[in-house]
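K.L.:
Take a look at this one; I'll ask things after.
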Amino acid sequence: MNKNNRSANIRKLTTCAMLAALGVVLLYLGSMIEVADLSMAVLASLLCVFAVIEYGGSAPWLVFGVTGLLSLILIPQKTPAVFYLLFFGYYPILKEKLEKRPRVISWVLKEVIFNIALVLILVLSRFLLMASDAQPILLYVIFAVLAEAIFPLYDIALTRLISLYLYKLRKRFRMK
């Protein structure tokens, strides 16, 4: 292995480690400020977007895995980590792959993935995160309907943020 290749690998590893550490910090902040748990999971997912764009391959999966695992171990309230692990962490990585398909197929697959994640989140929040049994099932139905309405907006906003990074901000980071 030549010196330039080794230097590039070290830079890649260091950047991915910093992204994972920042992701854990964001998820920790989300656990401390309880109303920010979902928004911090979304912000932590943007770090995976950066890894997808700059490094591709296994790097974003490693950032996702390390961030998710460390956040489950380290943060006191697990809701942001669960949101991150069950949807927001891996969705930006899959989004790149899904958008290479025809638009209709892409949206159908995105919806299927989102609905599976939504069901898992609702089941976990009901049974494993010790949500109150006194909460009526109607609350979960309302949450699911709102989530379905917001998901396309999230996907479009994520696309716009990726475009903003690619066309305006990437030059400032001078990664490539």
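The values are calculated or read from the model by the stated rules, or taken from the named source; none is laboratory data. Keep in mind that what you see is a predicted model, and the values were worked out from it rather than measured. Note: ideal-geometry Cβ built from the backbone for every residue, glycine included; neighbour counts use all protein chains shown. For the accessible areas, the whole protein counts, side chains as well, though only heavy atoms, and no ligand, DNA or RNA atoms are used. Shrake-Rupley method; radii C 1.70, N 1.55, O 1.52, S 1.80 Å.
K.L.:
Over the chain, with a Gaussian network built from C-alpha contacts below 10 Å, which listed residue (Leu164, Leu47, Leu118) shows the highest mean-square fluctuation?
P.N.:
Leu164
K.L.:
Compute and list, largest first, the equivalent-ellipsoid semi-axes of the chain from the alpha carbon gyration tensor, each √(5λ) rounded to a whole angstrom.
P.N.:
30, 20, 13
K.L.:
Compute the acute angle (0 to 90°) between the alpha-carbon long axis of helix 103-123 and the principal axis of greatest extent of the alpha-carbon atoms of the chain; round to the nearest 10°.
P.N.:
With both axes taken from Cα atoms, the answer is about 60 degrees.
K.L.:
Next question, about the same structure. I want to check the label-to-label distance for Leu109 and Thr14. Put each point 7 Å from Cα in the C-beta direction and report it in nm to one decimal.
P.N.:
In this crude label model, Leu109 to Thr14 measures out at 3.6 nm.
K.L.:
From the P(r) of the range 32-111, could you give the percentage of C-alpha pairs in the tail past 20 Å?
P.N.:
Of all Cα-Cα pairs in the range 32-111, 36 percent lie more than 20 Å apart.
K.L.:
Okay, next question. Pop out the carbon and sulfur fraction of the accessible area of the range 1-67 as a percent, whole number, probe 1.4 Å.
P.N.:
Percent of accessible area from carbon and sulfur atoms in the range 1-67: 69.
K.L.:
Mind listing which trypsin sites (Lys or Arg not before Pro) in the range 40-109 are in a DSSP loop and have 14 or fewer other Cβ atoms within 10 Å?
P.N.:
Lys100
K.L.:
Okay, moving on. Please pull out the direction-averaged projected area of the range 1-52, using the convex hull of its alpha-carbon atoms, in nm² to one decimal place.
P.N.:
Values: hull surface 14.0 nm².
For the range 1-52, the mean projected area of the Cα convex hull comes to 3.5 nm².
K.L.:
Given a 1.4 Å probe and heavy atoms of the protein chains only, how would you sort Glu34, Glu148, Glu54, largest accessible area at the top?
P.N.:
Output order, biggest surface exposure first: Glu34, Glu148, Glu54.
K.L.:
Can you give the accessible area per residue of the chain, in Å², using a 1.4 Å probe?
P.N.:
Averaged over the residues of the chain, the accessible area is 61 Å².
K.L.:
For the range 75-155, what is Rg from Cα atoms divided by 2.2 N^0.38 Å, rounded to two decimals?
P.N.:
1.20
K.L.:
Now for a separate question. Of Tyr55, Tyr28, Tyr140, which has the most accessible area with a 1.4 Å probe, and how do the rest follow in descending order?
P.N.:
Details: Tyr55 55, Tyr28 100, Tyr140 30 Å².
Result, largest first: Tyr28, Tyr55, Tyr140.
K.L.:
Now, a different point. For the chain, modelled as a Gaussian network with Cα springs under 10 Å, which listed residue fluctuates most, Ile93, Ile75, Ile33?
P.N.:
Maximum fluctuation in the GNM of the chain, among the listed residues, is at Ile33.
K.L.:
Given a 1.4 Å probe and heavy atoms of the protein chains only, how would you sort Arg172, Arg11, largest accessible area at the top?
P.N.:
Result of the area sort, largest leading: Arg172, Arg11.
K.L.:
Who wins for biggest fluctuation among Val145, Val42, Val63 in a Gaussian network model of the chain, springs between alpha carbons below 10 Å?
P.N.:
Maximum among the listed residues: Val145.
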